Amino acid sequence: MRKKVIAANWKMYKTPDQAKDFFHNFLPLVQGHDRDEIVVCPNYLAIDVAVAAVKAFNGSSISDRCDPHQAPSGARAVSEEAVIGARKGSNVAIGAQDLHWEKEGAYTGEICASMLLAVGVTHVIIGHSERRQHFGETDDTVNLKLKSALEAGLIPIVCVGEVLEEREASLTDDVLRRQCTRAFHKVSAKKAHNLVVAYEPVWAIGTGKTATPEIAADAHAIIRGEAARSFGEEFADNLRILYGGSVKPENANALMTADGIDGALVGGASLDPKSFAAIVKY
Ligand code: PGA
């Protein structure tokens with residue numbers, strides 16, 4: 001059974017104060033929700049606030065509270081209390097929207113994996129179509145970024161998807177296969193065990209046009225097939241493939257319950273706490 005991932009991609013929205021407000025309202029709405037994994041990917045400047053908000057909401061972690069030096073007696077009681085506290089927490093992880101593939105260096109304006117890890121980031125979106133469209137991201141840079149994220153222990157969410165002209169020219173299968181093969185080039189199944197893929201048809205992003213559950217399920221099957229070719233059948237069976245493109249509270253249930261759709265990557269509708277919480281609870 002693949003646990004679904006519901007991820008928010010905030011893009012270039014929200015100051016740190018606005019991010020703080022979001023979490024203040026959002027975290028109580030998803031408290032104790034553990035059916036799905038919830039990930040929020042703010043801009044770099046709001047990551048710190050996001051990590052702090054989740055930590056403060058959840059209280060100290062089980063390991064902190066079970067530290068024998070901090071709890072010399074009654075460790076069992078402390079442990080039980082910690083477990084209950086953790087259960088009541090908000091199962092929210094913080095992700096980034098991009099990373100550079102090098103470990104460090106003279107790359108003005110860039111951020112690398114170790115910097116993300118150092119501030120509490122666990123997930124990273126790679127190869128979003130807006131980065132491909134506006135910032136020269138290619139299948140090859142996606143591959144380099146994927147390797148770097150996996151090497152560092154980040155959970156990568158690799159985005160693939162066709163533009164409208166490609167769909168209209170019946171090229172969707174070819175495009176998805178090419179994007180996957182190149183992204184996965186020389187990545188081993190062992191290294192890639194954390195991989196998440198997001199199918200985001202570019203014509204559905206921010207346009208209000210959503211792929212039907214059938215269209216999305218077909219594309220997901222192509223991606224799963226490609227993952228099987230690169231990493232083996234068992235890996236492909238366990239791979240989470242998210243759908244992204246105008247996911248809203250109104251269409252979330254139909255999409256999330258379609259065959260082979262293992263979650264959502266949500267842009268616009270993730271900026272509002274109530275709307276994103278409604279999607280999480282589809
Ligand atoms: P959207 O964006 O939900 O606003 O269409 C999705 C995305 O770009 O990840």
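The values are calculated or read from the model by the stated rules, or taken from the named source; none is laboratory data. The shown structure was predicted, so the numbers you read here are calculated from the model rather than taken from an experiment. So basically every Cβ, Gly included, is an ideal-geometry build from the backbone, and we count neighbours across all protein chains shown.
What to note about this one:
- Members of segment 108-143 found to be loosely packed, with under 14 Cβ neighbours inside 10 Å, of a type in the set (Ser, Thr, Tyr) and either within 17 Å of the chain's Cα centre (by Cα) or over 24 Å from residue 50 (Cβ atoms) (or both), listed by number: 108, 138
- Of all the listed residues (232, 206, 225), the sole one being without any contact (Cβ under 8 Å) to a residue 60 or more places away in the chain and at positive phi is 232.
- Which numbered condition residue 263 misses (of (1) within 16 Å of the ligand (Cβ to nearest atom); (2) more than 21 Å from residue 123 (Cβ to Cβ); (3) not aliphatic (A, V, I, L, M)): (2)
- Looking only at residues of segment 236-253 that are surrounded by fewer than 18 Cβ atoms within 10 Å (Cβ to Cβ) and more than 15 Å from the ligand (Cβ to nearest atom), we find that the one that is nearest to residue 280 (Cα to Cα) is 253.
- Meets criteria (under 22 Å from residue 125 (Cβ atoms), of a type outside the set (Gly, Ala, Ser) and away from the ligand (no atom under 16 Å from the Cβ)) for residue 178: yes
- Qualifying positions in segment 246-267 - touching a Ser or Thr at 6+ places or on another chain (Cβ under 6 Å) and at positive phi: 246
- Contacts under 8 angstrom Cβ, first residue in segment 131-149 being part of a loop (DSSP other than H, G, I, E, B), partner at pLDDT 95 or above, 6 or more apart: 137/127; 137/128; 137/131; 138/132
- Residue in segment 145-154 that is more than 20 Å from the chain's Cα centre (by Cα), surrounded by fewer than 19 Cβ atoms within 10 Å (Cβ to Cβ) and not small (Gly, Ala, Ser) present: no
- Within segment 257-271, being in contact (Cβ under 8 Å) with a residue 24 or more places away in the chain and either closer than 22 Å to residue 22 by Cβ or out of contact with any helix residue (DSSP H, G or I) (no Cβ under 9 Å at 6 or more places or on another chain) (or both) holds for 263, 264, 265, 266, 267, 268, 270, 271.
- Among the residues listed as 40, 54, the single one being modelled with pLDDT of 95 or more, closer than 21 Å to residue 267 by Cβ, part of a strand (DSSP E or B) and of a type in the set (A, V, I, L, M): 40
- Any chance residue 90 is within 30 Å of residue 241 (Cβ to Cβ), modelled with pLDDT of 95 or more and away from the ligand (no atom under 16 Å from the Cβ): no
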